[in-house]
Amino acid sequence: MTIKKVGVLGCGLMGSGIAQVSATAGYDVTVLEQEQPFLDKGFAGIEKSLAKFAEKGNLKEPVETVRGRLKGTTSAQALADCDIVIEAIIENIEEKKKTFSALDAIVKKDAIFASNTSSISITEVAAATKRPDRFVGLHFFNPVPLMKLVEVVRTIATSDQAFETAYEFGKSLGKVPVRTSDKTGFIVNRLLVPYLLDAIRAYEEGVGSIPDIDNAMKLGCGYPMGPFTLLDFVGLDTTYYITHVMFDEFKERRFASPPLLKRMVMAGWYGRKTGKGFYDYTDPNNPVPNKF
C-alpha cells in the first residue's frame, strides 16, 4: 500500500508536530480538531517552527510549499480518503475509542489507523473499530520535528502489511523507527518511567538535592538532562497518569507513583507548562529548584 494522504487527529503539541513532519516529507495532510481556535493555534505553531527550520537551512523546500500541503478541518468527513490516520488527542482511552469508532465508518476501509499513545493499550483501542488488522501504534516523541525516534507498535491482530507499511512510513518522515509490541509502556516508557520514579524516591529518602541528582545523572551517565528537568518537561500530570496505567498492568512498585509526585499533581504543579514543578519557572531561563 502506498501512503499519499495523511490524517492527523488533534492539533496540540504532538498533533501539530506530526502534521508538520508529514507535510515536510511531502505528504498531503489534513488535521482534524473539534474547534477552529485549536486549529488556528496549532497552525500558528507549525508556521513558527517551519520558519526556524528555514532560517537554519534545514528545510529543503520553501515554507510556503510545505504549508500548502497542510489543511485544517473540523469535519471528520474530510478524512474520508486518507491512507493513514494518526491520533494525537487526550490520553483517555474512552475518548480514543469513541473517536476511532466514529471514524471507522467514514475513512476508507483499507486505510491504516494509528495511535500516538505513550501508554494505553493499542489492542483495546483497535477493538473499537472493524479494522484491528490495520491498526498500529505510532509513538512519536516531543518535540516531534526534532526527535528522531518513533516506536511502531504491533498488536496480536495487526497484519504484516499494515505493520510494515507503518514502519516504512516512519522512515519516510526522516525518523528512526523501532519495532515493538503492544506491551504497556512499549520500549521507552517501560525503561524510562521506573528511572524517573526512582529519582523522586531518592529525593524523598534524602539521597541528594534536586539539582545534585540532576547533575549526577547528566555528568555521570551522559544524559542530556537530569530526571527532574525531564519530569518537568514531560509534565508531572502526564507522568502521574502513565504510572496508573503501568501499575494497573504490572502491579509492581517500580511503576507506582511516589507520594511526592501525587501531591504535586494534586496541587496543580505540572512542571514547565504551569510554571511550577520540581523547579520554579518564574524566570524560564533560570529555573530555581523548589524545596519540599
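The values are calculated or read from the model by the stated rules, or taken from the named source; none is laboratory data. What you see is a predicted model; the values in this text were computed from it and never measured. A quick note on method: Cβ atoms are made from the backbone with ideal geometry, for glycine too, and the neighbour counts reach across all protein chains shown.
Summary of values
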quantity: Qualifying position, being of a type in the set (A, V, I, L, M, F, W, C), modelled with pLDDT under 95 and closer than 27 Å to E87 by Cβ, among V188, V193, V178, V245; calculated: V245
quantity: Which listed residue is under 21 Å from the mean Cα position of the chain (by Cα), more than 18 Å from L192 (Cβ to Cβ) and in a helix (DSSP H, G or I), from K273, K262; calculated: K273
quantity: Only listed residue being under 14 Å from the mean Cα position of the chain (by Cα), at pLDDT 95 or above and among the β-branched types (V, I, T), chosen from I120, I90, I112, I86; calculated: I86
quantity: Sole residue being over 26 Å from V152 (Cα atoms), among the acidic types (D, E), touching a helix residue (DSSP H, G or I) at 6+ places or on another chain (Cβ under 7 Å) and at pLDDT 95 or above, chosen from E47, E33; calculated: E47
quantity: Checking C11 against (1) assigned to a helix (DSSP H, G or I); (2) surrounded by 22 or more Cβ atoms within 10 Å (Cβ to Cβ); (3) in contact with a Lys or Arg (Cβ under 9 Å, 6 or more places away or on another chain), the condition it does not meet; calculated: (1)
quantity: Yes/no for A199 being more than 30 Å from F135 (Cα to Cα) and small (G, A, S); calculated: yes
quantity: Yes/no for A127 being touching a residue at least 60 places away in the same chain (Cβ under 8 Å), farther than 16 Å from I3 by Cβ and surrounded by 14 or more Cβ atoms within 10 Å (Cβ to Cβ); calculated: no
quantity: Criterion: assigned to a loop (DSSP other than H, G, I, E, B) and modelled with pLDDT of 95 or more - qualifying residue of G170, G206; calculated: G206
quantity: Subset of region 145-197 (residues that are farther than 30 Å from V66 by Cβ, surrounded by 15 or more Cβ atoms within 10 Å (Cβ to Cβ) and charged (D, E, K, R)); calculated: R154, D182, R190
quantity: When residues of region 97-118 are limited to those that are surrounded by fewer than 22 Cβ atoms within 10 Å (Cβ to Cβ) and in contact with a Ser or Thr (Cβ under 7 Å, 6 or more places away or on another chain), the one farthest from M1 (Cα to Cα); calculated: S101
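Residue-by-condition table, conditions (1) in a helix (DSSP H, G or I); (2) within 16 Å of the chain's Cα centre (by Cα):
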{"residue": "K183", "(1), (2)": "no, no"}
{"residue": "F186", "(1), (2)": "no, yes"}
{"residue": "L192", "(1), (2)": "yes, yes"}
{"residue": "T238", "(1), (2)": "yes, yes"}
{"residue": "F247", "(1), (2)": "yes, no"}
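Okay, residues lined up against (1) out of contact with any Asp or Glu (no Cβ under 6 Å at 6 or more places or on another chain); (2) basic (K, R); (3) assigned to a loop (DSSP other than H, G, I, E, B):
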| site | (1), (2), (3) |
| --- | --- |
| T65 | yes, no, no |
| G72 | yes, no, no |
| C82 | yes, no, yes |
| K97 | yes, yes, no |
| S101 | yes, no, no |
| K109 | yes, yes, yes |
| F113 | yes, no, no |
